[in-house]
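The block underneath contains the structure these notes are about, expressed in structure tokens.
The values are calculated or read from the model by the stated rules, or taken from the named source; none is laboratory data. It should be emphasised that the depicted structure is a prediction, and the values quoted were computed from it without experimental measurement. Because the Cβ atoms are built from the backbone with ideal geometry, glycine has one as well, and the counts that use them run over all protein chains shown. Surface areas here come from the heavy atoms of the whole protein model, side chains and all, with no ligands, DNA or RNA. Shrake-Rupley method; radii C 1.70, N 1.55, O 1.52, S 1.80 Å.
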Amino acid sequence: MVAGVKGVAFLDDDTLAVSSSTAGELFLVSRGKREVLKKIPLGDGVKAESLACVPKTRKVLVVDAKGHLCEVDCETDQVERAASAGHHQTPPRLTSVCAWDSKTCFVAGAERGKKTKCACWKVDLESNKVDEAPVLEANMIRALCAERERDRILVGCLDVEGDDDSPEVENARTRLMAYYPQDGTIKQLASIQGFVHAIAPLHRRKDEAYALLMRHRKGGAPVKVIRLLPKGQHVQVWSKCSVQHTVHVCGDRLATGLAGLSLAGFSASLFGSAAGREHAMCLGPDGHLVTGCVHKSSKGLLQLWNLDVAADSDVIAGGTKVPARGSVVDRLPDKTCKA
């Protein structure tokens, strides 16, 4: 039984890879059929957290709470513990991963027992080694995103003290940082109000626009869309999210039926609202957003969202909506997904 979804990514146009936060399992889910296609055990002792798909392959990288990085071949179901943060006396709790290419990835995590002492490391997948020196350190890191077309890794950093559910964290600001692997430079791109869990570039736009999965109140839209500006500034782009359908990631039909009858599943399916704390997010090839919920009653609930995004000049700056200058709304997606 899946109690919460911590990672979600598209393997192809229809297939999603999903990791559980309480079981060592990777699920392959059909978005169109709304059903689990395959369950791949990751091995004893693995508590799966974030995941990332390796570009141009059918392989998935999964990090766990014990400092391990697993590489899963979704064609053969072969699982290999590719690397571990072995240079630490006590391996960190890894919470985020992004794949750069088939040879390199980046992971982020926190010292065990110290959730606000985090860092991001480079991993060599050929030698199965984690670099000892971190590329970036911060009090709390939850979001990693590889942007190969801009030669950078995006990192969401919260420079606050306190636990995950403390008032300081709930009201914190997230610094959106860029790390450039070619020369090792780091640049702050923006400072955003709120706790950012995940970042997804809106590649169909010419500007630097991103969907951000924010920590939110139950029932509210979980996504904020921003456009980055020079000199570390950003503007909020008008956007609207609506739930198209839900998928329950469970191992059997009875569990799936019970999940649909839960409060989270009922409100998501009937009212089209967020099920609870959406922790994982990815953007599909056709512009649909998929989020995964960690609320206990959701039983592994995935939600597919329609995302409407305004034109470049229709933005919110300083709380004031700026009228569009003759441009039209860029609707993502262009067509609906087949149920």
Quick one: length gained pulling residue 131 to residue 13 fully straight, 0.36 nm per residue minus the C-alpha distance?
39.1 nm
How high is the FRET efficiency between residue 229 and residue 286 when r is their beta carbon distance and R₀ equals 25 Å, given to the nearest 0.05?
0.35
For a paramagnetic label modelled at 7 Å from the Cα of residue 58 toward its Cβ, which residues of the stretch 97-111 fall within the zone defined by backbone nitrogen distances under 18 Å?
102
The stretch 113-152 - accessible surface per residue (Å², probe 1.4 Å)
50
For the stretch 1-83, what are the per-bin percents of Cα-Cα distances with bins 10 Å wide, up to the bin holding the maximum?
20, 58, 21, 1
Residue 34 versus residue 81, label points 7 Å from Cα toward the beta carbon: distance in nm?
3.9
Ignoring ligands, DNA and RNA, what percent of the 1.4 Å accessible area of the stretch 1-140 is carbon and sulfur?
43
Burial-style ranking of 93-105, 181-193, 132-144, average other-beta-carbon count within 10 Å with highest first, yields 93-105, 132-144, 181-193
